[in-house]
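Chemist: Sending over a structure as structure tokens; questions will come in a sec.
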Amino acid sequence: MKLFNKIFCLASFTLALSACNNDQLSESPLDEYFAISKITINETKNSIDNETIILKKNSKVELSCIVTPDNASDKSVLWTSSDETVATVSIDGVVEAKDKEGSAVISVTPAIGFGATDAMTAVKVQVVDNYVDIEDFNITAEGGKTEMFVSETLQLTATVTNPDATFKRFAWKSSNDEIATVDPKTGLVTAISEGNVVITATTDDFRSEPISKDYSIEIEKAILLKDLTFTNDSELSALGYGQTYEIQYTTDPSDATRTLISWESSDPDVISVDNQGIVKVNTITEGSVTITAKSIKEDGTELKKSVIATVAKGRFDFSFGEGLAPWTIGTTGANISSSSNGKTTVSMASQNNSTYRADLFLANKQDLYINAKDYPILAVRITAAGSWVFNDKNTGTFKLEILDADSAADRVFGGSYKGDKGNTQNSFELLKPNPIVAGQDAWIYFDLRKNFDRAPIPTEDAVKVRTFKFIIADNKDCTTYDIYWVKTFASVEELQNYVNAESNN
């Protein structure tokens, strides 16, 4: 268990000498003395996690431990309590809660010296008046699945209806281990053979009448692969920042069970992949990874195929249905109020002049590549936080700012976008509607090849910048806005085609 940071003065405690597992002092020669390198306190019936034990007043629990290495010359240990008015501990590790609510730290160390850091271990004991029983619970599965293929795994989860329950533990059992097994503690199901099986979860707390619930699963025979072939896919070779994309491939036979394929990325920090072969770009610069698919073939050998996935410098493909990350809100007091249905709602912060603001940053003194040559059209779908008017910030500001340095004074190119409007106030272009209507979706875009108040962005190749943000401010009436996505395109026509397709879905 994790060692608590605070080191207590042993002289103030009741020290107890004992040996884990009753092992005696080794008779090995002194020149072969093996010190204890690690002590692990075992879980108990009163453990709520690997760091905390809950006890009722005036109750007891016996602690035990495992000493490493197994051939330690002296396995005797010392048990101590940080507060004996709350809980004491005996020489054998028996913890006794007193008639007082509170907490105490029970520590165990080698009897001879202290040894390595891992050899000083502790657990927190919380003493309470009464336990709170589980009132009821529900069993759910990943994706709501009730069917599995042979050799597949499925995680079942039991969720209690009263979050204040003291011991949120369950014992899991399968009705037929020859069809499917289940981990008795975690609820992870492994399909063994065809058939129907019932997985039962039972409350594992101190209530007199445990509650049990069933989850039925049908196990089907899997169709194993002979081969897998990746499609020649240009999208996979030029993924955008923030993009999620399902890898395209074919199987032989065509109806092979795809869920038996496992996926891995050579560098998940650049591009990760889930168990369905869907990749997610996690960098905002560049990089390539190897995505590997593995499965067992019908002849029992392993099938292993790989494909390269590459992030394109300067291509954006951010969708905000599950939050803004890696974008951040750059205005103190503004925050995310919700994320669902393909959008994130941002609550704006009140400013001194009775207006509202919530800027969005993609890079703030951080490397970011943009590409005004290949992806010059930067577009945003947003619900207008006001009736933004070209060249006029009186009803609100929506402005793009790009800096190639950490301060405006050091910048060489970029700055605030001016476009064709001649100044930096609301100099975006509108795909639709025109004019912007407060409270309605708007498709706004910027042409990165056009004017900035410092100097144009180079268009020979991708360039590195250090600041990239949208200033969304000066709104008098609207306190929130919805943002759906930020993407780049090769042309306005490509943007229009994307929006048309999106509108038809």
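The values are calculated or read from the model by the stated rules, or taken from the named source; none is laboratory data. What you see is a predicted model, and the numbers here were worked out from it, not measured in a lab. Backbone-built Cβ (ideal geometry, glycine too); neighbour counts: all protein chains shown. All accessible areas refer to the heavy atoms of the entire protein, side chains included, with ligands and DNA or RNA removed. Shrake-Rupley method; radii C 1.70, N 1.55, O 1.52, S 1.80 Å.
Chemist: Considering Ile436, Ile377, which residue is among the β-branched types (Val, Ile, Thr), under 34 Å from the mean Cα position of the chain (by Cα) and under 26 Å from Ser319 (Cβ atoms)?
Modeler: Residue meeting the stated conditions: Ile377.
Chemist: Out of the residues in the stretch 56-73 that are hydroxyl-bearing (Ser, Thr, Tyr) and open to solvent by 20 Å² or more (accessible area, probe 1.4 Å), state the one that is farthest from the chain's Cα centre (by Cα). Write out each step before concluding.
Modeler: So the first thing to find is which residues in the stretch 56-73 are hydroxyl-bearing (Ser, Thr, Tyr), and the list is 59, 64, 68, 73.
Okay, now just the ones that are also open to solvent by 20 Å² or more (accessible area, probe 1.4 Å), so 59, 64, 68.
Details: Ser59: 39, Ser64: 34, Thr68: 33 Å.
The selected residue is Ser59.
Chemist: Shifting gears a bit: Within the stretch 66-92, track down each residue that is of a type in the set (S, T, N, Q), touching a Leu at 6+ places or on another chain (Cβ under 9 Å) and in a loop (DSSP other than H, G, I, E, B). Even if it seems obvious, please write down each step before you answer.
Modeler: Our first condition is that a residue be of a type in the set (S, T, N, Q); within the stretch 66-92, this holds for 68, 71, 73, 76, 80-82, 85, 88, 90.
Subset that is touching a Leu at 6+ places or on another chain (Cβ under 9 Å): 73, 76, 80.
If the condition is that a residue be of a type in the set (S, T, N, Q), touching a Leu at 6+ places or on another chain (Cβ under 9 Å) and in a loop (DSSP other than H, G, I, E, B), then Ser73 is the only one that fits.
Chemist: Yes or no: the stretch 296-314 includes at least one residue that is closer than 26 Å to Val465 by Cα and open to solvent by 20 Å² or more (accessible area, probe 1.4 Å).
Modeler: Residues of the stretch 296-314 closer than 26 Å to Val465 by Cα: 309-314.
From what's left, open to solvent by 20 Å² or more (accessible area, probe 1.4 Å): 310, 313.
Within the stretch 296-314 (the criterion being closer than 26 Å to Val465 by Cα and open to solvent by 20 Å² or more (accessible area, probe 1.4 Å)), the answer is yes, since at least one residue qualifies.
Chemist: What pairs come out if I take residues in the stretch 459-470 that are in contact (Cβ under 8 Å) with a residue 60 or more places away in the chain and more than 21 Å from Asp410 (Cβ to Cβ) and pair them with residues that are open to solvent by 20 Å² or more (accessible area, probe 1.4 Å) and not in a strand (DSSP E or B) whose C-beta lies under 9 Å away, six or more apart or interchain?
Modeler: As it stands, the answer is Thr459/Lys373; Thr459/Arg449; Glu460/Lys373; Asp461/Lys373; Asp461/Asp374, since those pairs meet every condition given.
Chemist: Would you pick out the residues in the stretch 466-491 that are under 26 Å from Glu235 (Cβ atoms) and either surrounded by fewer than 19 Cβ atoms within 10 Å (Cβ to Cβ) or at pLDDT below 95 (or both)?
Modeler: Answer for the stretch 466-491, where residues must be under 26 Å from Glu235 (Cβ atoms) and either surrounded by fewer than 19 Cβ atoms within 10 Å (Cβ to Cβ) or at pLDDT below 95 (or both): Ala490, Ser491.
Chemist: Also: Only residues in the stretch 212-235 that are under 20 Å from Glu152 (Cβ atoms) count as the first member; pair them with residues that are in a loop (DSSP other than H, G, I, E, B) and of a type in the set (A, V, I, L, M, F, W, C), Cβ under 7 angstrom, at least 6 apart or cross-chain, and list the lot.
Modeler: Sorted first by the residue in the stretch 212-235, then by its partner, the pairs are Ile219/Val150; Ile219/Ile179; Lys221/Val150; Ala222/Val150; Ile223/Ala256; Leu224/Ala256; Leu225/Ala256.
Chemist: Could you tell me which residue of the stretch 276-292 is nearest to Arg466 (Cα to Cα), considering only residues that are modelled with pLDDT under 95 and open to solvent by 30 Å² or more (accessible area, probe 1.4 Å)?
Modeler: Thr285
Chemist: Turning to a different aspect of this structure: Give me the strands (runs of 3 or more DSSP E) completely within the stretch 387-483, filtered to those with at least 2 residues that are in contact with an Asp or Glu (Cβ under 7 Å, 6 or more places away or on another chain) and among the basic types (Lys, Arg), ordered by residue number. Please lay out each step first, then the result.
Modeler: Numbers: elements: 397-403, 414-416, 429-432, 441-447, 463-473.
Strands (runs of 3 or more DSSP E) meeting the threshold: 463-473.
Chemist: Return the total of residues in the stretch 147-166 being β-branched (Val, Ile, Thr), out of contact with any Lys or Arg (no Cβ under 8 Å at 6 or more places or on another chain) and either in a strand (DSSP E or B) or more than 22 Å from Tyr131 (Cβ to Cβ) (or both). Walk me through how you get there before you give the answer.
Modeler: First, the residues of the stretch 147-166 that are β-branched (Val, Ile, Thr): 150, 153, 157, 159-161, 166.
Still in the list and also out of contact with any Lys or Arg (no Cβ under 8 Å at 6 or more places or on another chain): 153, 157, 159, 161, 166.
From what's left, either in a strand (DSSP E or B) or more than 22 Å from Tyr131 (Cβ to Cβ) (or both): 153, 157, 159.
Qualifying residue count for the region: 3.
Chemist: Out of Val132, Val127, I need the residue that is in contact (Cβ under 8 Å) with a residue 24 or more places away in the chain, within 23 Å of Lys60 (Cβ to Cβ) and either open to solvent by 60 Å² or more (accessible area, probe 1.4 Å) or touching a strand residue (DSSP E or B) at 6+ places or on another chain (Cβ under 8 Å) (or both). Which one? So that I can check it myself, show each step before the final result.
Modeler: On the way: Val132 fails: either open to solvent by 60 Å² or more (accessible area, probe 1.4 Å) or touching a strand residue (DSSP E or B) at 6+ places or on another chain (Cβ under 8 Å) (or both).
Within the list Val132, Val127, the selection yields Val127.
Chemist: Right, here's the next one. Looking only at the stretch 420-439, which residues are open to solvent by 10 Å² or more (accessible area, probe 1.4 Å) and either among the small types (Gly, Ala, Ser) or in contact with a His (Cβ under 9 Å, 6 or more places away or on another chain) (or both)?
Modeler: Keep residues of the stretch 420-439 that are open to solvent by 10 Å² or more (accessible area, probe 1.4 Å), which gives 420-425, 429-439.
Within the stretch 420-439, Gly422, Ala438, Gly439 meet the criteria.
Chemist: Hey, another quick one. How about the stretch 440-458: which of its residues are within 37 Å of the chain's Cα centre (by Cα) and open to solvent by 60 Å² or more (accessible area, probe 1.4 Å)?
Modeler: Gln440, Arg449
Chemist: Hey, another quick one. For Ala405, indicate whether it is among the aliphatic types (A, V, I, L, M), closer than 24 Å to Lys464 by Cα and over 34 Å from the mean Cα position of the chain (by Cα).
Modeler: no
Results for (1) open to solvent by 40 Å² or more (accessible area, probe 1.4 Å); (2) more than 30 Å from Ile296 (Cα to Cα); (3) free of Cβ contacts under 8 Å to residues at least 40 places away in the same chain, shown as yes or no for each residue.
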{"site": "Lys75", "(1), (2), (3)": "no, yes, no"}
{"site": "Thr88", "(1), (2), (3)": "no, yes, no"}
{"site": "Ala97", "(1), (2), (3)": "no, yes, no"}
{"site": "Ala104", "(1), (2), (3)": "no, yes, yes"}
{"site": "Ala141", "(1), (2), (3)": "no, no, no"}
{"site": "Gly144", "(1), (2), (3)": "yes, no, yes"}
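Chemist: If you don't mind, there's one more thing I want to ask. Does Asp317 satisfy the criteria of being within 30 Å of Glu494 (Cβ to Cβ) and either among the acidic types (Asp, Glu) or modelled with pLDDT under 95 (or both)?
Modeler: Values: within 30 Å of Glu494 (Cβ to Cβ): yes; either among the acidic types (Asp, Glu) or modelled with pLDDT under 95 (or both): yes.
Spelling it out, Asp317 is indeed within 30 Å of Glu494 (Cβ to Cβ) and either among the acidic types (Asp, Glu) or modelled with pLDDT under 95 (or both).
Chemist: Mind checking which residues of the stretch 340-383 are on the phi > 0 side of the Ramachandran plot and in contact with a Ser or Thr (Cβ under 8 Å, 6 or more places away or on another chain)?
Modeler: Across the stretch 340-383, the qualifying residues are Gly342, Lys365.
Every residue, every condition in (1) without any contact (Cβ under 8 Å) to a residue 60 or more places away in the chain; (2) more than 20 Å from Pro268 (Cα to Cα), yes or no:
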residue: Ala309; (1), (2): no, no
residue: Ala312; (1), (2): no, no
residue: Glu322; (1), (2): yes, no
residue: Ser340; (1), (2): yes, yes
residue: Leu360; (1), (2): no, yes
residue: Asp374; (1), (2): no, yes
residue: Ala379; (1), (2): no, yes
residue: Ala385; (1), (2): no, yes
residue: Asn391; (1), (2): yes, yes
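Chemist: Taking the residues in the stretch 362-419 that are open to solvent by 10 Å² or more (accessible area, probe 1.4 Å), aliphatic (A, V, I, L, M) and more than 24 Å from Ala438 (Cα to Cα) as candidates, determine which candidate is modelled with the lowest pLDDT.
Modeler: Ala408
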